[in-house]
Each structure stands twice: as structure tokens, then as C-alpha cells.
Amino acid sequence: IVPPTESRPFYSLVTSGMSDKPMTVPEGCEEFRYAELMICLPADWPMTEEDWKDEGNYWPVELLKFLARMPH
């Protein structure tokens, strides 16, 4: 989790580990076999563990985690 700053006024959530293994890619796209995912959320998005107990706040995190597991 990268917190908001003045120049980037939103949270950036970045996966870590998805690029440990290569993905299957179309011919000619071999340079993209290793990738991570990122999503940006508004600076006022509820980001505490307590907030995340509410599915309405947690769904972007859950989706990012789900998608990061798909290549493996």
C-alpha cells in the first residue's frame, strides 16, 4: 500500500509476488510474461483493518488479491 501524497492524491495498491512465475502470453509478447497489478483508490478510502471488515470497503483489495493468483 502506497499512501496518498500531494502529487499522487490517492492510495496505490500494488501486488508483490505475481511476477515470481511467468504467465502464458501470446507469441511476440514474451517480454510481458512477468507482471504485477496495481489499483488506485481515492485518498479518503477506508484503509484500516477494522474498515476492511466491511465488504463494501474491502472488495477492491479482495479483487486485487484474487486476480494476482490467477496466473499461477
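The values are calculated or read from the model by the stated rules, or taken from the named source; none is laboratory data. The model shown is predicted, which means the values in this text are computed figures rather than measured ones. Glycine gets a Cβ as well: all are built from the backbone with ideal geometry, and neighbour counts include every protein chain shown. Protein only, heavy atoms only, side chains kept; ligands, DNA and RNA dropped before computing areas. Shrake-Rupley method; radii C 1.70, N 1.55, O 1.52, S 1.80 Å.
Per residue, the chain exposes 76 Å² of solvent-accessible protein surface, assessed with a 1.4 angstrom probe and all protein chains in place. Of the residues 53, 65, ranked by 1.4 Å probe accessible area with the largest first, the sequence reads 53, 65. Pick out which of 56, 17, 28 has the largest mean-square fluctuation in a Gaussian network model of the chain, springs linking Cα atoms closer than 10 Å. Answer for the Gaussian network model of the chain: 28.
When a 1.4 Å probe is rolled over the protein heavy atoms, the share of accessible surface on the chain that falls to carbon and sulfur comes to 57 percent.
In loop segments of segment 23-72 as defined by DSSP, the chymotrypsin sites (Phe, Trp or Tyr not before Pro) with at most 16 further C-beta atoms inside 10 Å of their C-beta are 34. Ligands, DNA and RNA excluded, the heavy atoms of residue 24 present near 140 Å² of accessible surface to a 1.4 Å solvent probe.
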